[in-house]
Structure formats: C-alpha cells, structure tokens
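First comes the structure, then the notes that go with it.
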Amino acid sequence: MTQKTPLFGCQALHACRDEVLLTTAVTADFPSASYTQLRGRNGSGKSTFLRHLAGLLPPSSGHIIIDGKMAKPAEIPQQLSISYLGHDDAMHGDLTGYENFELLTGQSRISLVQSDLYDRPLSTYSAGQRQKLTLHMLDDAHDIWLLDEPSASLDEANLTYLEERIAGYLACGGIVIAATHLPLAQSLITQTITLEPYEARP
Amino acid sequence: MMRQVFTRDLRLAMRRPGDVISTVGFFLMIATLFPLAIGPDSKMLALMTSSILWIAVLLASLPSFDRLFVDDYHTGFLDRLVISNAALWEYALVRIISHFCIMGLPLIAALPIMALFFAIPLSALPLLALIIAVGLFALTLLGAIAASLTLGARRASLLSAILILPLAFPIVIFGTLASQAVLEGQDYSAHFALLGASCLILLVVSPAATFYALRYAIEER
C-alpha cells in the first residue's frame, strides 16, 4: 500500500452504459479497512459500476471522489493502485499459468505456490482452476481490490482461501469492493450497497 | 511491462506457427498467380516484377493486422493495462514492432524464393529486402491505426482493409518505384527517401492515434 491510502468514494454515481442510466444514484465512502458489497439482480449494473470505479468507463452522471476532489476517470489509476478481478481475466489460453501470472502481476513465479498445474497451458484449466489463479494475482500492496463475482466458480476450499485473503487484506487496511450475488465473507461486511434499477420520472 | 509483452508475443508466435506459415504461403501464392494469369512472357514479367511484389506484400500483410489488438481487447488485457496505469501508446508501439518481427520478417525471408520465380538477380536482393522492410513497417504502423479504430466492430477485417488501402497508396507507389529502380540498376535514392519519410511520419502519428482509438474502444467495451 502507498504511504497513506487516499480517501476513495463516489458521489451521486449512476451506473450507465451508452448514456443510459442503469441504476439509481449511489453516494458512498470507501474508507480504508472497509469491505463493501454491491448487491443487485443480474443485469442491474454491478459490473458497470465497478468499471466506473476502476476508471475504465467514464460515468455520464456522478463523480468519483479521491481525497475530497473529483477525479477524472483517467486519473484514478494514477492516484490509486488497483487489483481488479473481472469477468474477463486477461489471461491467454496458449500461455501457461506461470507465464500469465508473470505477465499480469510483474512478479516472478516464485511468489506463486509451486504446482505442476501452472506449467500447463491455461486452455487446459477448468473454470475454477482459472479463477483460483486470478485470486493469486490479488496484491496486498495495492490500495483497492475491485472484485466482480470473484467466487462464481470456486469450490469450498478455494472460497475459504478467498475469504482468508479478504480478511488478511482488510486487517492491513485495504479497501475491498465486491459485486456478488453469492454470500462472501459475510461476517466482515462494513456496508452493503444495493443497486436499484433507475426509472426516469415522467 | 512492455518487455514482457514483447516476449509474450514471440512465445505465442512460436506456439502457433500456423499464422506465420499461412501468411507467407499466401504471399507466395499471390505472386505465383501473376505469371499464370499473364502468361510466360519473361519481358512483360520483368517489367511488372516490382509491382507484383508490392501487391503481394500488401495483400498478404493486410489480413494479419486484425490480430494486432483484438486478442488483448477480448481477454480484457487492455483493461488491465489501463488499470495498472501503463502507457497505452508504448504498448501500441511494442505490439507494432513485435508484429513486424513475427509477420513482416518472415515475408522478407521468403524473398529469395520470389527471386527464383521472377529471375531477380541475387545482388539486388539485399536492397530490395531493405526497401520492402521499410515499406512493411510503414504498413504495419498504418494497420495499427485501422485495427484499433475497428476494435469491437462487426466485419472489422473488411472495414480496416477499406480504411488502410487508400492511405497505403503512397507507400506502395514509392516502394514500387524504388524497387523498380533497384531492379533496373538505376538511382533509387529519391523514391527510397520518400518511402522512408512516409514511414517516419507514421512512426510519429500512429502510436498517438492508436492510443486514442484504444482508449475509446476500452470505454465502449
């Protein structure tokens, strides 16, 4: 983590795609050592909301706040270090687990648990094995973890591993924002944000 | 990060050599079609050698440009670059260079086979290879702009070909004239200088243009 974790929050932020508002406005702070769960039905804009927070998608209504100032989308990755787990895991099927890990984290393979599995090309992995590998890419040194359905294909052992990682990260002051419809580390939750579909007033 | 992207590209090219082999095969096939269509008139073919070479280079390299960013776009790798605050223009430049090494250099390596088909003197080959290398690099720079602009579009390959071709005319014209001059033993420096100038202009313009197009494509994803 950087010297002092910047104060991160959002103000009247709607999840929106192609200028269409998907959810009602959300105003929230994400202080350090907090675990926020984003809830909502399928298609309610959870992933889109996370993409706004990561600076990948400029919101057409609302703002991201960093240290009390409005931050432009391009400024977010400059001011915060982010671990992002999305639907697309950014890994390449023709590369081995180790090679994908080194490319995406910039760390050497020594920091990954030794396993014969990671010497095989990723295209031979099951969905759960693939997701397990992405969990290893979460970096305790980053300011924020943005998790998009991180537990969808995990078995019980790996789910426990993920919950331990979240607990450990929160203990050292990290910020976790997770979009999920499955229960995940429920005992650690600081706040729950439920995304409601936006309905334009007549 | 950028060195890792370059090694990754080389590694992937080694693991699926089919892409390169088919591009080189396509290149040779186009060139062999011309003698079949025109007839075995060696004088006529000698006159057209440089034009045939450049048409083959252009047509063989066009389809490969689509591959520049599309994989990284769909896997979400581009998203990670943005999130980790990596310089997208640097990434674009690395991809252009690695694509040139993986797809362009094998085409140039196939030139001796072309020399057999068209009775090109071996002494002219090194210069010809240099001219085609500069032209191919310029084409790849152009291809990167088109490939990034058409990311996520349907029928992207056709669309990017339509975008590239008109802009590729100067490169093909200067390249053909320079190669023709080399084959005829005349002074090629003026045409070659113009070809080099086009390449340098694109070297400045392309990473910047590609940067904005990629940024836009990521937002629209």
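The values are calculated or read from the model by the stated rules, or taken from the named source; none is laboratory data. Note that this is a predicted model, so its numbers are computed, not measured. All Cβ positions, glycine included, derive from the backbone under ideal geometry; neighbour counts span all protein chains shown.
Summary of computed values
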{"read-out": "One residue from A:112, A:117, A:56 being touching a residue at least 12 places away in the same chain (Cβ under 8 Å) and either within 11 Å of another protein chain (Cβ to nearest Cβ) or in contact with a Ser or Thr (Cβ under 8 Å, 6 or more places away or on another chain) (or both)", "value": "A:56"}
{"read-out": "Failed criterion for residue A:153 (all others in (1) within 28 Å of residue A:49 (Cα to Cα); (2) in a helix (DSSP H, G or I) hold)", "value": "(2)"}
{"read-out": "Verdict on residue B:196 being touching a residue at least 24 places away in the same chain (Cβ under 8 Å) and surrounded by fewer than 20 Cβ atoms within 10 Å (Cβ to Cβ)", "value": "yes"}
{"read-out": "Residues located in the range B:92-133, provided they are of a type in the set (Phe, Trp, Tyr) and at pLDDT 95 or above", "value": "B:100"}
{"read-out": "Any hit, the range A:100-108, residues being among the β-branched types (Val, Ile, Thr) and crowded, with 21+ Cβ neighbours inside 10 Å", "value": "no"}
{"read-out": "Residues of the range A:158-201 that turn out to be at positive phi and among the hydrophobic types (A, V, I, L, M, F, W, C), as a count", "value": "1"}
{"read-out": "Answer residue from the range A:100-109, given it is in a helix (DSSP H, G or I) and over 18 Å from residue B:12 (Cα atoms) and is farthest from the other protein chains (Cβ to nearest Cβ) among those", "value": "A:109"}
{"read-out": "Complete set of residues in the range B:33-62 that are touching a residue at least 12 places away in the same chain (Cβ under 8 Å) and either farther than 21 Å from residue B:133 by Cα or not in a helix (DSSP H, G or I) (or both)", "value": "B:34, B:35, B:42, B:45, B:46"}
{"read-out": "Residue, farthest from residue B:77 (Cα to Cα), within the range A:71-99, restricted to residues that are at the interface with chain B (Cβ under 7 Å from one of its Cβ atoms) and in a strand (DSSP E or B)", "value": "A:82"}
{"read-out": "Elements of type helices (runs of 4 or more DSSP H) contained in the range B:125-221, each with 2 or more residues being within 14 Å of chain A (Cβ to nearest Cβ) and of a type in the set (Asp, Glu)", "value": "B:189-220"}
{"read-out": "Subset of the range A:78-99 (residues that are hydrophobic (A, V, I, L, M, F, W, C) and within 24 Å of residue B:10 (Cβ to Cβ))", "value": "A:90, A:91, A:95"}
{"read-out": "Residue list for the range A:176-192, restricted to those being surrounded by 14 or more Cβ atoms within 10 Å (Cβ to Cβ) and farther than 24 Å from residue A:139 by Cβ", "value": "A:181"}
{"read-out": "Filtered residue count, the range B:114-130, keeping only those that are touching a residue at least 40 places away in the same chain (Cβ under 8 Å) and surrounded by 14 or more Cβ atoms within 10 Å (Cβ to Cβ)", "value": "7"}
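Here is a yes/no grid of residues against (1) at pLDDT 90 or above; (2) within 24 Å of residue A:181 (Cβ to Cβ):
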{"position": "A:12", "(1), (2)": "no, no"}
{"position": "A:19", "(1), (2)": "no, no"}
{"position": "A:34", "(1), (2)": "yes, yes"}
{"position": "A:45", "(1), (2)": "no, yes"}
{"position": "A:53", "(1), (2)": "yes, yes"}
